[in-house]
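Undergrad: Pasting in a structure now, in structure tokens, and then I'll have a few things to ask.
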Amino acid sequence: MAYMKRSPWIIHYDGSSCNGCDIEVLACLTPLYDVERFGIINTGNPKHADILVVTGSVNEQSRQVIRNIYDQMPEPKVVVAFGICACSGGVFRECYNVDGGIDQVIPVDVYVPGCPVRPEQIIDGVVRALGVLEEKRARMKSGEPAEAGV
Amino acid sequence: MINVLFAVAFLVLAPILGGLIAGIDRKLTARMQGRVGPPVLQPFYDVGKLLEKEHVIVSVSQNFFVLAYLVFIAFSGALFFAGGDLLLVVFALTLAHVLLVLGAYSATSPYSFIGAERELVQLMAYEPMVILAAAGFYLATGSFSVMEIAAFPRPLIAVLPGIFIGLFYVLTMKLRKSPFDIATSHHAHQEIVKGVTTEFSGSTLGMVEVAHWYETVFLLGLFWLFFAWSPVIAVIALAILYLAEIFIDNATARVRWGFALRSIWAVTLVLSAANLVWLQYFGGL
Amino acid sequence: MDILLFLLLAPLIAAVLLLALPDHPIRDWVVRVAAVVIGGASCYLLATAFDKGSQVVAFPTEPVGQVMTVLAVVIALYIIAMGAKYRKPVPIVLALVQAGLLLWFELVYAPGMHAEHNLFVDEFSIVMALIIGIIGSAICVYAIPYMRTYHGQHPEIPDHRRAFFFVLFVFLSAMFGIVFSNNLAWLFFFWEVTTLCSFVLIGYSGTTEAIDNSFLALVLNLVGGIGFVGALLWLGMTQGTIELDRLVGAGAAVALVPATLISFAGLTKSAQLPFSSWLLGAMVAPTPVSALLHSSTMVKAGVYAIVKFAPVLSGTPSGFFVGLVGGVTFLAASAIAVTQSNAKRVLAYSTVANLGLVVACAGIGTYEAVWAAILLIIFHAIAKSLLFMGVGSVEHQVHSRDIEDMAGLVTRMPRVGVMMLIGMAGMYLAPLGMLISKWATLRAFIDAPGGVVFLLLIAFGSAITVFFWAKWMGILIARPNRGEPIEDRVPREELAVLGLVAFLVIAASLLFPWISKFLLEPHVLSIYGHTAELGQDNIIIMLLMLGAVLVLPLSLLYFRSGRHRLAPYMGGRPTTADMHFSGSLGIQREMGLHNYYLEDWFGEPRTFRAGVVVTVVLIVLMFAGLFVAGGLA
Ligand code: SF4
């Protein structure tokens, strides 16, 4: 039975976002968008989470933290990069202190560009992530490593 | 005498009922906040998903403690519904919660450590009220046996109003609802990460969740005793009671643990002492 | 009943042997053999006497009585000499008063009071004898390796081990004397011997602190002793009987005054508030002493005497207030225990608290209460001695008795750690010993007149108890900094004794339906004519729970296998295995975990002061109750 798709719990980490994307992520929880409809919950705890949502780009400060949170999540897990900063570094790409998108540190499954991402896009991104999540679960069940390419 | 059939029925049905209550709870909470909310079966999806996750551990003993927690929560509920000794039920429940706390301690993370300490504060806060409630039932009916208390032909609420209110005050804490959800709480509440459950994941977290369902049903059973003389009234009363809890959960903000402890002890002391003295010296019914 | 005499004399002979033998391994063997013999003899007593009810023994009284009088004077002289040596006037005065009163009694009244039966044994004495004989001698064996390490680690303390073991065994003998004496004058003599022995043992290390605390214990126990002599004098003046069984059988009209006076003595000996400070002070002594004095013997003598008089106290105002002293002590001492981080002090306060519970039961004195009280005595003795010895072994390896320094003990000393967990669980968790007793206690309280007050005290008190035990257990199993394993350094013999007592904690919980059936119920039945008993269902449920507790750890085997292990969550900070992380500015820091101590809530001085005020008032009321009840009027 695939309950995985019906109960995706997320943890949201702010790499070095300008807070634009963060606000939009939070907006999804408000009555207007209400992502809990889909069973989505913002847990704030990697051990409970299935989806790692990162906004903002990676820099020296956030590099280890992203890695650490990612490592703390039990399989199967999916990473979604929200906002162009998280996807590639965006307008900050050339900054002296920015390393680029979060795929510099951990494997990213879904890229959702936008500056900032709109809540509709976020919901769409999470739904896409669910597909990946389900794939990984099936792979895990058949005994293969969930992370194919890592 | 105890009734094994009821115990088995509890063990099988309580998770279903408890999960449904949790689902309705989330739906109503969402409606109160002007949201659509998740499906009523969402709690089952959640636990189903947790069982599908990878088995990871932080410490070996943590899973043992959580398993023992689940076993003893189920045990105390089964003992209650089988009509056993109310005091033993209370003690088994205490044991269960201490096991949960130990599980949190064994994980060694600062977050679960603080959660454990706070859970202990909670335990210390509500324990007197629960023991005194058992004493109240005894003084009113002359028996600690749940079966005999439940078979008591007159409304216990009439002789135990103080105990009832006190227990209701404590119920908020037992259900992990605001304003007393100081150790850990339900979804979408931000915490000192996640309190006692911080380091539990996958099936271990699922066990905590199922244990909570068991406990919810047990608690409702405890309140049933006040109205046991008339099942219809009892069902209505429990529904109102739970609705009130949901409302309180949504209408209040979490208090500091010091205030929670102080206020619960004060309520316990005043209400239960008054009620018990009245019962012992001026006779109940 | 030669076995009674044997139990009285065997420790004494061992003591003399130990004093005579030079420093040599052979002395250790004497201790071991004596311990086995005494333990075996008390089991033999159980086997031969458990089904015979209460038996009294005629025993030639005059010469023994005279020897005791002489010895009592010698004890008084010794105390006066010590008082003079250390310039402590108070004990001198008290010893003089006590000796004067005693001589008055012995010379004026005693000749007219003939005691037919000087010794007796009943189910309660058997229980006490088993506790003294098994736990007491186990502690003596534990003391052998402990004292060796102790002197190895404290070269500055003069090695008086010879005297030490001598006093330990004299102590055991005196305890047997207390529980077998039917003659109150004898009982008092043995009572005073335990006071003296505790004085010597507490002051063992000879430091100023130890000496001061030993005098504190002496003074408070002498005050209690004066109460005891008062009871004897009262009996002499009113031409009462000096035989315990007759006195208790005579009922409240005759026996209430001596019962109250002896209860007062019992309150001091069992370290109830306001007298509890001596027990806390006694923690400076080497740990076997603490284990012996505060789990299985000394303090148990105090509650033994009160429980003995429970039928007399029952239903009287004095008895009610005796019980309340116990109840208030239970609450206050439990609260203070929360604020302590010194392991031995936590144990000490918890001892005071649990004895308070026993006293409360005895003061209520109904048949259910007495039944509960004896259960409490049994389970407390076993679990608490295990904890004291565990702390002692840990202290020698970790070099600290602070609870916070025991973090991660289950990884560093797995066996000792698990045994301490068993001991703690035995102190407060269902379905192990103490909780069974607490259950019985609650039922006893609820039926008693004025029971609501007791109910409130026990409800809040036990909630607090859960708090401080659970957080200590938590520290033992949390493992912030996995230090290297150090269990190998614990002497084998210590481990063996710990293992034995840990086994007893579980065994006693398993066997408790039978303990109740064959020892407690007949005893209560013979006194009150009816007895408390456990429903069949409840016994089955308890055993089920116990079974679950014993079986569930097997799941560890399953959980151990092949699981992905993650680090504890540290807010996303990368953390090393020994819990170091880089904090702000890249500085390496170590994670530390500290328990809550709730100083603002239950701070020691404040709670203690409040407890003292309340209990002093209660003790005054206890004596005032004599006038109300017509005992003195
Ligand atoms: S994508 Fe735009 S809104 Fe989002 S963090 Fe980057 S700059 Fe801010």
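Undergrad: I'd like to know if region A:84-99 contains one or more residues that are of a type in the set (A, V, I, L, M), within 15 Å of the ligand (Cβ to nearest atom), buried (at least 18 other Cβ atoms within 10 Å of the Cβ) and closer than 27 Å to A:Arg37 by Cα. Steps first, answer last, please.
TA: Within region A:84-99, the subset of a type in the set (A, V, I, L, M) is A:84, A:86, A:91, A:98.
Now narrow it down to the ones that are within 15 Å of the ligand (Cβ to nearest atom): A:84, A:86, A:91, A:98.
From the residues that got through so far, the ones that are buried (at least 18 other Cβ atoms within 10 Å of the Cβ) too are A:84, A:86, A:98.
Filter once more, so that each one left must be closer than 27 Å to A:Arg37 by Cα: A:84, A:86.
Checked against the condition, which is being of a type in the set (A, V, I, L, M), within 15 Å of the ligand (Cβ to nearest atom), buried (at least 18 other Cβ atoms within 10 Å of the Cβ) and closer than 27 Å to A:Arg37 by Cα, region A:84-99 yields at least one hit.
Undergrad: While we're on this one: Evaluate region B:181-204: report whether one residue or more is within 20 Å of the chain's Cα centre (by Cα) and more than 14 Å from every other protein chain (Cβ to nearest Cβ).
TA: Yes, that holds for at least one residue.
Undergrad: Of all residues being touching a Phe, Trp or Tyr at 6+ places or on another chain (Cβ under 6 Å) and more than 10 Å from chain C (Cβ to nearest Cβ) in region B:122-152, which is most open to solvent (accessible area, probe 1.4 Å)? Just the residue, please. Spell out how you get there, then give the answer.
TA: From region B:122-152, those touching a Phe, Trp or Tyr at 6+ places or on another chain (Cβ under 6 Å) are B:124, B:128, B:138, B:141, B:144, B:146, B:149; that's our starting set.
Of the ones still in play, those that are also more than 10 Å from chain C (Cβ to nearest Cβ) are B:141, B:146, B:149.
Values: B:Thr141: 31, B:Val146: 8, B:Ile149: 1 Å².
For region B:122-152, the residue satisfying everything is B:Thr141.
Undergrad: Turning to a different aspect of this structure: Scan region B:109-118 and tell me whether some residue there is assigned to a helix (DSSP H, G or I) and in contact with a strand residue (DSSP E or B) (Cβ under 7 Å, 6 or more places away or on another chain). Break it down stepwise before answering.
TA: First, pick out the residues of region B:109-118 that are assigned to a helix (DSSP H, G or I): B:110-118.
Keeping just the survivors that are in contact with a strand residue (DSSP E or B) (Cβ under 7 Å, 6 or more places away or on another chain) gives B:111.
Yes, that holds for at least one residue.
Undergrad: What number of residues within region A:21-45 satisfy the criterion of being more than 11 Å from chain B (Cβ to nearest Cβ) and open to solvent by 20 Å² or more (accessible area, probe 1.4 Å)? Steps first, please.
TA: As a first pass, look at region A:21-45 and keep what is more than 11 Å from chain B (Cβ to nearest Cβ): A:21-28.
Then keep just the ones that are open to solvent by 20 Å² or more (accessible area, probe 1.4 Å); that gives A:23-24, A:26-27.
The total comes to 4.
Undergrad: Continuing with the same structure: Condition first: farther than 25 Å from C:Ile378 by Cα and crowded, with 17+ Cβ neighbours inside 10 Å. Can you find one or more residues in region C:150-163 that meet it?
TA: Here is the first cut: in region C:150-163, the residues farther than 25 Å from C:Ile378 by Cα are C:150-163.
Still in the list and also crowded, with 17+ Cβ neighbours inside 10 Å: C:150, C:161.
Yes; the residues of region C:150-163 include at least one that is farther than 25 Å from C:Ile378 by Cα and crowded, with 17+ Cβ neighbours inside 10 Å.
Undergrad: C:Ala174 fails exactly one of the following numbered conditions: (1) assigned to a loop (DSSP other than H, G, I, E, B); (2) open to solvent by less than 20 Å² (accessible area, probe 1.4 Å); (3) without any contact (Cβ under 8 Å) to a residue 24 or more places away in the chain. What is the number of that condition?
TA: So C:Ala174 meets the others, but not (1).
Undergrad: For region C:22-54: of the residues being modelled with pLDDT of 80 or more and of a type in the set (S, T, N, Q), which is farthest from C:Leu172 (Cα to Cα)?
TA: In this case the residue turns out to be C:Thr48.
Undergrad: Now a separate question. For the condition under 15 Å from C:Leu457 (Cα atoms) and assigned to a helix (DSSP H, G or I), what is the one hit in C:Leu376, C:Leu347, C:Leu331? Give the derivation first.
TA: Working: C:Leu376 fails: under 15 Å from C:Leu457 (Cα atoms); C:Leu347 fails: under 15 Å from C:Leu457 (Cα atoms).
Every option except C:Leu331 fails the conditions.
Undergrad: Next question, about the same structure. Is it the case, given these coordinates, that C:Gly450 is in contact (Cβ under 8 Å) with a residue 60 or more places away in the chain and within 16 Å of C:Ala353 (Cβ to Cβ)? Before you say what the answer is, go through the steps one by one.
TA: Numbers: in contact (Cβ under 8 Å) with a residue 60 or more places away in the chain: yes; within 16 Å of C:Ala353 (Cβ to Cβ): no.
No: the conditions fail for C:Gly450.
Undergrad: Identify, by number, the condition in (1) of a type outside the set (Ser, Thr, Tyr); (2) outside any strand (DSSP E or B); (3) within 16 Å of the ligand (Cβ to nearest atom) that A:Val54 doesn't meet.
TA: (2)
Undergrad: Give me the residue from region C:544-591 that is in contact (Cβ under 8 Å) with a residue 40 or more places away in the chain and more than 9 Å from chain B (Cβ to nearest Cβ) and, out of that set, most open to solvent (accessible area, probe 1.4 Å).
TA: C:Glu590
Undergrad: Scan region A:4-20 for residues that are within 16 Å of the ligand (Cβ to nearest atom) and either surrounded by fewer than 19 Cβ atoms within 10 Å (Cβ to Cβ) or within 11 Å of chain B (Cβ to nearest Cβ) (or both) and jot them down. Spell out the reasoning first.
TA: Taking region A:4-20 first, the residues within 16 Å of the ligand (Cβ to nearest atom) are A:12-20.
Those that are within 16 Å of the ligand (Cβ to nearest atom) and either surrounded by fewer than 19 Cβ atoms within 10 Å (Cβ to Cβ) or within 11 Å of chain B (Cβ to nearest Cβ) (or both): A:Asp14, A:Cys18, A:Asn19, A:Gly20.
Undergrad: Okay, next question. Take B:Ala104 and tell me if it is without any contact (Cβ under 8 Å) to a residue 24 or more places away in the chain and buried (at least 24 other Cβ atoms within 10 Å of the Cβ).
TA: Working: without any contact (Cβ under 8 Å) to a residue 24 or more places away in the chain: no; buried (at least 24 other Cβ atoms within 10 Å of the Cβ): yes.
The answer is no for B:Ala104.
Undergrad: With the checklist (1) touching a strand residue (DSSP E or B) at 6+ places or on another chain (Cβ under 8 Å); (2) more than 11 Å from chain B (Cβ to nearest Cβ); (3) away from the ligand (no atom under 16 Å from the Cβ) in hand, flag the one item A:Gln64 doesn't pass.
TA: Among (1) touching a strand residue (DSSP E or B) at 6+ places or on another chain (Cβ under 8 Å); (2) more than 11 Å from chain B (Cβ to nearest Cβ); (3) away from the ligand (no atom under 16 Å from the Cβ), A:Gln64 violates only (1).
The values are calculated or read from the model by the stated rules, or taken from the named source; none is laboratory data. What you are looking at is a predicted structure, and each value in this text was computed from that prediction instead of being measured. We place every Cβ from the backbone using ideal geometry, glycine too, and count neighbours over all the protein chains shown. Heads up: the accessible areas ignore ligands, DNA and RNA and are worked out on the full protein's heavy atoms, side chains in. Shrake-Rupley method; radii C 1.70, N 1.55, O 1.52, S 1.80 Å.
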